[in-house]
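One structure is given here, and the rest of the page talks about it.
The values are calculated or read from the model by the stated rules, or taken from the named source; none is laboratory data. Given the structure is predicted, the values throughout are model-derived calculations rather than measurements. So basically every Cβ, Gly included, is an ideal-geometry build from the backbone, and we count neighbours across all protein chains shown.
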Amino acid sequence: MILSLIYQTIVIVLLLTFSFGPAFFALINTGIKHGYKTGSLLAVGVVASDFVVCILIITLVHFGASNFIQDEKSQRFMGILAGIVLIVFGAVHFKQPLPKPHDVIDIIVPSGAYMLVKGFLLNSFNPAVWLLWLGNVTAVSKSLNYSIFNMVVYFSITLGLVLLVELAKVSASEKLNRVLTPRIMYVINVITGGLLVIFGLVLIYNYYFEK
């Protein structure tokens, strides 16, 4: 059982930290633009969202209500809402002006509360996150004998490891800032905003037109 849990922990950490979704690109972009401190707050918001979703999934599974997550209407609502949230956050990335030659960009550092909320919302309103956690909880619950306490402790430790990896990603991103010019940073910012908008549009299309 211990070896099984270790294997599942490694899989969960890799899935959560290297899923190339909206939160991943936003985290890298923030680390590059605003440095470790601001990027770490976004990472904390993302992991806090994972913890809340995890607790909700554990509760739903325990009381036999996991079908709610798999319900088509629930997924459609979450998908459309997630798409709108991503488009809004993506649009914010386009507000920074294009730098003029030889100009130095004055980057306004977002508030800590904004970064925490942004990370939390980007992750929470992604339907894939809920389905991912449903799979994680279902797989681990059998090894832990369906004990809510044991699962909360286990996933708390696992998410602690996830946070360490996320902070390492932010730290690595910050180092890129030393070799990037303002114009390159602007391009990265636009690309990140564009990806968030595209993610949002795809979610709305998939959950509104195809469901």
### Set Ser49, Ser66: member being over 22 Å from Ile191 (Cβ atoms) and either acidic (Asp, Glu) or at pLDDT 80 or above (or both)
Ser49
### Query
Within the stretch 126-157, how many residues turn out to be part of a helix (DSSP H, G or I), surrounded by fewer than 21 Cβ atoms within 10 Å (Cβ to Cβ) and either in contact with a strand residue (DSSP E or B) (Cβ under 7 Å, 6 or more places away or on another chain) or of a type in the set (S, T, N, Q) (or both)?
5
### In the stretch 20-53, the residues that are assigned to a loop (DSSP other than H, G, I, E, B) and crowded, with 24+ Cβ neighbours inside 10 Å
none
### Filter result (within 17 Å of the chain's Cα centre (by Cα) and modelled with pLDDT under 85) within the stretch 170-197
Ser173, Thr192, Gly193, Gly194, Leu195, Leu196, Val197
